[in-house]
Amino acid sequence: MDTSKPSSPVVVVTGSTRGLGRGLAAAFIARGCSVVVSGRRQSDAERVAAALGPQALGVACDVTRAAQCEALWQAAVARFGRVDIWINNAGIAAQRKPVWEQTDEEAGEVLDINLTGTLNGARAALRGMRAQGFGRLFNMEGYGSNGMVMAGMAAYGSSKAAVTYLTKSLAVEVKGTPIQVRALSPGMVDTELLRRDYAGDPAAWERAKRAINTLADKVDTVAPWLADQVLASNRNGGRIAWLTTPKIAWRFATARIKPRHIIDAP
C-alpha cells in the first residue's frame, strides 16, 4: 500500500482563504480530510493552509482564468494523488445599488467570478474526475438561485441563477457515470460577502438588520453541517440546503418570542 497518499477524502475548496470557504476547509480538516485551500494570492492560501495543518495545501487560483483552475487540479493531484471532492465556492458581491449605478468593473467582476469562475472550476474538475473515474462536484448557490428578485441585486442574483442552471445541466451530463454534481445552498451567512452588500449605505444596513438576524447564521454553524452533508452525499443532482423553507417559516414565527442576534448584540 502507498502510505504517502491519503486514505481519507481529498477536498478542493475554491475561495477558501476567508468566509464560508475557510470555514468549510477547517471543517473538512477537522473530519480527517486532506484539503486544498485556494485564493487569488499565494501568500493568503499558504497562510491559511499553514494554520490548518500538514493535511492542507495552499495554492493560488484566479478562477476567472481557466488555466489556473486546471493548475489547481494538477497541484492537488501532485500532492495528494487524486481529488475526491471539488467545491466551487469562490464568489463576490458588489455594493447593493441599481445596475445603472454600478461601474463596468463592479458588474463585470461579479459575473466573471461567480459564473465564469464556477464554469472554469467545473470544467477543470470534471475533466479530472472523468480521467480518474470518480469524484463529486459541488457548486455554491446564493441569492437569486431560487428565482427570488430584489432591487440592487441584479448582477449578483443573475450570476447565481445562472449557476443553478449550470449545476442542473452538469448533473444531466454526468448522469450514469461515477461522478456526482450537486448544489450547495448555505442560506444567509454572516460573512464579509453579506456585509459588502450594504457597504456605503448604513441606513439600508439598519433596515435589514432584523431580517438578517432572523435568517442569518454564523460560519461556524453552517460550515460543519455542510461538510458532513457533502461527505455523506451519495447521489447525483439536487441541492444540499441549510436554510430550508420550513426553517425560514419557523424563524419568522418565533422571532418575537425568541429573537436571534447574529450580527449584533442584544
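The values are calculated or read from the model by the stated rules, or taken from the named source; none is laboratory data. Note that this is a predicted model, so its numbers are computed, not measured. Cβ coordinates were reconstructed from backbone atoms using ideal geometry, including for glycine residues, and neighbour counts include every protein chain displayed.
When you look at Val77, is it in contact (Cβ under 8 Å) with a residue 24 or more places away in the chain, crowded, with 23+ Cβ neighbours inside 10 Å and either over 22 Å from Glu141 (Cβ atoms) or in contact with a Phe, Trp or Tyr (Cβ under 7 Å, 6 or more places away or on another chain) (or both), yes or no?
no
Looking at region 248-261, can you tell me whether even one residue there is assigned to a helix (DSSP H, G or I), surrounded by 14 or more Cβ atoms within 10 Å (Cβ to Cβ) and within 21 Å of the chain's Cα centre (by Cα)? Break it down stepwise before answering.
If we filter region 248-261 for residues that are assigned to a helix (DSSP H, G or I), which is where we start, we get 248-253.
With the extra rule that they be surrounded by 14 or more Cβ atoms within 10 Å (Cβ to Cβ), the set shrinks to 248, 251.
Now restrict to residues that are within 21 Å of the chain's Cα centre (by Cα): 248.
Yes.
Quick one: Ser34 ticks every box in (1) farther than 22 Å from Ala122 by Cβ; (2) of a type outside the set (Phe, Trp, Tyr); (3) in contact with a Pro (Cβ under 6 Å, 6 or more places away or on another chain) except a single one, so which number is it?
All conditions are met except number (1).
Could you list all residues from region 202-223 that are small (Gly, Ala, Ser), at pLDDT 85 or above and more than 11 Å from His261 (Cβ to Cβ)? Even if it seems obvious, please write down each step before you answer.
At the first step, the residues of region 202-223 found to be small (Gly, Ala, Ser) are 203-204, 208, 211, 216, 223.
Next, from what is left, pick out any that are at pLDDT 85 or above: 216, 223.
Answer for region 202-223, where residues must be small (Gly, Ala, Ser), at pLDDT 85 or above and more than 11 Å from His261 (Cβ to Cβ): just Ala223.
Pull out all pairs, ordered by first then second residue, where Cβ-Cβ is under 8 Å, the residues are six or more apart or on different chains, the first lies in region 222-244 and is in contact (Cβ under 8 Å) with a residue 60 or more places away in the chain, and the second is surrounded by fewer than 17 Cβ atoms within 10 Å (Cβ to Cβ) and of a type in the set (Phe, Trp, Tyr).
Note: no pairs meet the criteria.
Determine which member of the set Leu193, Leu184 is within 19 Å of the chain's Cα centre (by Cα), part of a helix (DSSP H, G or I) and surrounded by 14 or more Cβ atoms within 10 Å (Cβ to Cβ). Spell out the reasoning first.
Values: Leu184 fails: part of a helix (DSSP H, G or I).
Exactly one residue qualifies, and that residue is Leu193.
Got a number for residues in region 134-173 being outside any helix (DSSP H, G or I) and either crowded, with 19+ Cβ neighbours inside 10 Å or hydroxyl-bearing (Ser, Thr, Tyr) (or both)?
Keep residues of region 134-173 that are outside any helix (DSSP H, G or I), which gives 134-153.
Retained after the next criterion (residues that are either crowded, with 19+ Cβ neighbours inside 10 Å or hydroxyl-bearing (Ser, Thr, Tyr) (or both)): 135-145, 152-153.
Residues that pass the stated criteria total 13.
Across region 185-201, what is the total count of residues that are modelled with pLDDT of 75 or more and either touching a Cys at 6+ places or on another chain (Cβ under 8 Å) or not aliphatic (A, V, I, L, M) (or both)? Let's see the steps before the verdict.
Filtering region 185-201 for residues modelled with pLDDT of 75 or more gives 185-192.
Keeping just the survivors that are either touching a Cys at 6+ places or on another chain (Cβ under 8 Å) or not aliphatic (A, V, I, L, M) (or both) gives 185-187, 190-192.
Selection size over region 185-201: 6.
Filter region 200-247 down to residues that are among the β-branched types (Val, Ile, Thr) and outside any helix (DSSP H, G or I), then give me how many there are.
Going through region 200-247 one residue at a time, the tally reaches 2.
Could you look through region 114-126, keep only residues that are touching a residue at least 60 places away in the same chain (Cβ under 8 Å) and under 13 Å from the mean Cα position of the chain (by Cα), and pick out the one that is farthest from Ala154 (Cα to Cα)?
Here is the first cut: in region 114-126, the residues touching a residue at least 60 places away in the same chain (Cβ under 8 Å) are 117, 121, 125.
Those still in the list that are under 13 Å from the mean Cα position of the chain (by Cα) too: 117, 121.
Details: Gly117: 18, Gly121: 23 Å.
Once the filter is applied, the top-ranked residue is Gly121.
Only one of these conditions is not met by Gly128: (1) farther than 19 Å from Leu194 by Cα; (2) surrounded by fewer than 17 Cβ atoms within 10 Å (Cβ to Cβ). Which number is it?
(2)
Any idea how many residues of region 82-113 are of a type in the set (Phe, Trp, Tyr), closer than 17 Å to Ser159 by Cα and surrounded by 18 or more Cβ atoms within 10 Å (Cβ to Cβ)?
Kept after step one, since they are of a type in the set (Phe, Trp, Tyr), are these residues of region 82-113: 86, 100.
Okay, now just the ones that are also closer than 17 Å to Ser159 by Cα, so 100.
Keeping just the survivors that are surrounded by 18 or more Cβ atoms within 10 Å (Cβ to Cβ) gives none.
Qualifying residue count for the region: 0.
So which of Arg260, Arg207 ends up being touching a residue at least 40 places away in the same chain (Cβ under 8 Å) and either over 29 Å from Ser169 (Cα atoms) or basic (Lys, Arg) (or both)? Break it down into steps so the answer makes sense when it comes.
Values: Arg207 fails: touching a residue at least 40 places away in the same chain (Cβ under 8 Å).
Of Arg260, Arg207, the one residue that is touching a residue at least 40 places away in the same chain (Cβ under 8 Å) and either over 29 Å from Ser169 (Cα atoms) or basic (Lys, Arg) (or both) is Arg260.
Can you name the residue in region 229-247 that is surrounded by fewer than 18 Cβ atoms within 10 Å (Cβ to Cβ) and hydrophobic (A, V, I, L, M, F, W, C) and, of all such residues, is nearest to Glu173 (Cα to Cα)? Outline the logic, then answer.
Initially, region 229-247 is screened for residues surrounded by fewer than 18 Cβ atoms within 10 Å (Cβ to Cβ), giving 229, 232-235, 237-239, 243-247.
Now restrict to residues that are hydrophobic (A, V, I, L, M, F, W, C): 232, 243.
On the way: Ala232: 22, Leu243: 27 Å.
The selected residue is Ala232.
Any residue that is under 14 Å from the mean Cα position of the chain (by Cα) and either more than 18 Å from Leu20 (Cα to Cα) or β-branched (Val, Ile, Thr) (or both) - is there at least one of those in region 95-102?
Going through region 95-102, the residues under 14 Å from the mean Cα position of the chain (by Cα) turn out to be none.
Within region 95-102 (the criterion being under 14 Å from the mean Cα position of the chain (by Cα) and either more than 18 Å from Leu20 (Cα to Cα) or β-branched (Val, Ile, Thr) (or both)), the answer is no, since none of the residues qualifies.
Answer yes or no as to whether Val11 is of a type in the set (A, V, I, L, M) and either surrounded by fewer than 24 Cβ atoms within 10 Å (Cβ to Cβ) or more than 21 Å from Glu141 (Cβ to Cβ) (or both).
Values: of a type in the set (A, V, I, L, M): yes; either surrounded by fewer than 24 Cβ atoms within 10 Å (Cβ to Cβ) or more than 21 Å from Glu141 (Cβ to Cβ) (or both): no.
No, not satisfied.
Which numbered condition trips up Ala60, out of (1) among the small types (Gly, Ala, Ser); (2) surrounded by 22 or more Cβ atoms within 10 Å (Cβ to Cβ); (3) over 19 Å from Ser7 (Cβ atoms)?
Condition not satisfied by Ala60: (2).
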